Amino acid sequence: MSNQKKRYFYWEKKSIEGRSIIAFSEHNDVKQIDAYRNMDINYIEVTKEEYEELQNREREKSELERGWKEEYDADGHCKLIFTRPRQFVHALPLGKFQEQTMLHEGRWLVLIFAFWSQPDMMAFGSSMNVIQQFKGEIKLGLYSIDNDFWDWHPVVHGLHRSPLYLLFDQGKFIEMRCGLLNNDNLQLWLQNFLIPNS
């Protein structure tokens, strides 16, 4: 293991779509540091204090643009917080299904997802967009996989995959889909969910 002092880097790279990707890294591995010189990125070495300040600044900027943020308590439980309210979308509080009283009224799509999974975050964004088309006939509940979700409801017990889409009507489980759905498939599935109730 290297005994060298840890060094801090802030770097920026353009994505294929031309979007700026901001990232941070800290290393005491000389080989890893040298590898930066061969990468198509713009980077600067900063002090630890600058590193932490830049991270906080980018986090605040990202939260403002997204309209939501995640926070973790001392036990590692995650709380989704909307900094900009979303119509028909609710961040579900920590607790099992039977404790989620709002889910026992009306029709709901519940998305169980992980913040650290790219497909899950794609499902997160698309679900919030698609649900707007139903103008409150179906509401969206968002629940993080970080919150001991395996016993959240009997239907998900033993499932070790995400994202999970679950439909409920007046608290009664109706149907589930596993894996990322594109916008068209999600919309069609939700439309079919409404047909018996129309």
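Rule-based calculations on the coordinates, nothing more; no lab input. Because the structure is predicted, anything quoted here is derived from the model rather than measured. Neighbour counts run over all protein chains shown; Cβ positions are idealised from the backbone, glycine included.
Below are the figures for this structure:
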quantity	calculated
Sorted by Cβ density within 10 Å, fewest first, the residues Tyr72, Tyr165	Tyr72, Tyr165
Exceeding the 22 Å Cα-Cα cut-off - candidates Lys48/Lys69; Lys96/Lys135; Lys69/Lys139; Lys96/Lys139; Lys61/Lys135	Lys48/Lys69; Lys96/Lys135; Lys61/Lys135
Point-charge dipole on Cβ atoms (K/R +1, D/E -1) for region 68-197, about Cα centre, debye to 20	400 debye
Cut-off under 5 Å, modelled amide H: who pairs with Lys139 long-range	Arg107, Trp108, Leu109
Which of Arg107, Arg177, Arg57 has the fewest Cβ neighbours within 10 Å, and the rest in rising order	Arg57, Arg177, Arg107
Chain lengthening between Glu53 and Gln118 when straightened (0.36 nm per residue, less Cα-Cα)	20.8 nm
Selected from Leu190, Ser117, Tyr165, residue furthest toward positive end of dipole (region 75-198; charges at beta carbon)	Leu190
Per-residue HN-Hα couplings for region 154-159 [Karplus 6.51, -1.76, 1.60; θ = phi - 60°; Hz; x = Gly/Pro]	x, 5, 9, 4, x, 7
Diffusion constant of region 100-145 at 25 °C, which comes from Stokes-Einstein with the Kirkwood Cα-pair radius and 0.890 mPa s, µm²/s	220 µm²/s
